[in-house]
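As structure tokens, the structure follows; a few thoughts come after it.
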Amino acid sequence: SSGINAEYYFFFSGGCYVVGLVLAILFVQEEVENCWYMTEEERKMVSRERMLRNSKNRDPSSGQAINDHKEGKLNSTARIMKGLSLYCPYYIVAFSVYLFAYNTIIYGILSVMPFYFNEITGASPLEISYLNTFLVLLIAVMTIAFTYIVQLADRHMTWLESRMLFMLLPMFTFVVFFVALAEHLSFIGCCVILTVLAITSSTMFSGSLFMVNYELDPARSPVRMAIFNSLGQVSGALVPLLKALITFTDPDTPDYDTVLRQRWGYFFYTIAGLAAVGGLGVVLAYYADPDYWVNRDKKDKIDDMA
């Protein structure tokens, strides 16, 4: 019976990937105006904006892309330094640290916390499964909700205030609530805390890191995202190792339960520290180059209209 149930899990996981592939084929196109669900008016608007941007990046006399003719005069070292200056400003380092901390926490909640619940609170595997499913669905729903909350915040706050709020709020709640988790609350108490964390962490794609990265420099945002996202995703492989190094307790250890709880507390304090570093890094990145923190996406659109 248990073997059959395990097979269903793998069938379900594989089926989700197949559904995702089909949806990507149906809805994702290399050129957005080729998407079948775009209206004719939207296609014209996209094409017009692309032509306008291309005309700004070309020399009127030669028709050649601006600065292209200069590339040949640069040696390899100069090209590397130019690339670093274009694609690795101060905030990329901060965003890498931020995303590393964020992913450590999210992966920790979904992949490591079940061990905690089982070892410390005595929760059953079924209860843990229900909780994880609820948290994942909650993050999905709240990510959509925050797209509207961000727009509301933008009406009452400056762009910088709004984006800093949505970047720092998750890290602040991570610090506070993981310190609280170190006190080893009941399973119900942990569920309440993780629910709050799931809600605040949902700003990642709506008002936080990825949105800010695009707004700071729309043209270079894909490459920059690839850089800090690659570095940030490393945490996925390190979280289980970090958990094992900090919490492993030999069953023969005297007063085993007390020692195990203490080491889980150390793990939660470590996670809280990572969250503090991630939030602090964003603040320092701003003060390192405050003039760079401008919503260029909005500025470009205003310039285009002018």
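Computed from the C-beta positions of residue 253 and residue 127 and an R0 of 35 Å, the FRET efficiency is 0.80 to the nearest 0.05. If you plug the beta carbon distance of residue 31 and residue 291 into 1/(1 + (r/R0)^6) with R0 = 35 Å, you get a FRET efficiency near 0.50. Computed with a 1.4 Å probe on the full set of protein chains, the accessible area for residue 253 sits at about 40 Å².
Each of 292, 148, 269, 17 has its accessible area taken with a 1.4 Å probe; listed largest first, they run 17, 148, 269, 292. What the phi angles of segment 105-115 give under the Karplus curve with 6.51, -1.76 and 1.60, with θ = phi - 60°, is a coupling list of 6, 5, 5, x, 4, 7, 10, 9, 4, x, 5 Hz, glycine and proline written as x.
Taking the Cα centroid of segment 187-256 and of segment 170-184, what is the distance between the two, rounded to the nearest whole Å? Cα centroid of segment 187-256 versus Cα centroid of segment 170-184: 13 Å apart.
I need the GluC sites (Glu not before Pro) found in segment 99-186, filtered to DSSP loop residues with at most 12 other beta carbons within 10 Å of theirs. Hits after loop and neighbour filter: 183.
Take the alpha-carbon centre of segment 17-53, take the same for segment 114-136, and report the distance between them in whole Å. Taking the Cα centre of segment 114-136 as reference, the centre of segment 17-53 is 40 Å away. Stretching the chain fully between residue 186 and residue 51 yields a gain of 42.7 nm (0.36 nm per residue, less the alpha carbon separation). Couplings for segment 116-125, taken from phi via the Karplus curve 6.51 cos²θ - 1.76 cosθ + 1.60 with θ = phi - 60°, read 5, 4, 6, 7, 9, 8, x, 5, 7, x Hz in order; Gly and Pro are left as x. Residue-wise HN-Hα couplings along segment 93-104, as the Karplus relation 6.51 cos²θ - 1.76 cosθ + 1.60 with θ = phi - 60° gives them from phi, are 5, 5, 5, 5, 5, 4, 5, 4, 5, 4, 5, 4 Hz; Gly and Pro carry x.
The values are calculated or read from the model by the stated rules, or taken from the named source; none is laboratory data. A quick note: this is a predicted structure, and the numbers were derived from the prediction, not measured. Note that each Cβ is placed from the backbone with ideal geometry, even for glycine, and that neighbours are counted across all protein chains shown. The area values use the complete protein model at the heavy-atom level, side chains included, leaving out ligands, DNA and RNA. Shrake-Rupley method; radii C 1.70, N 1.55, O 1.52, S 1.80 Å.
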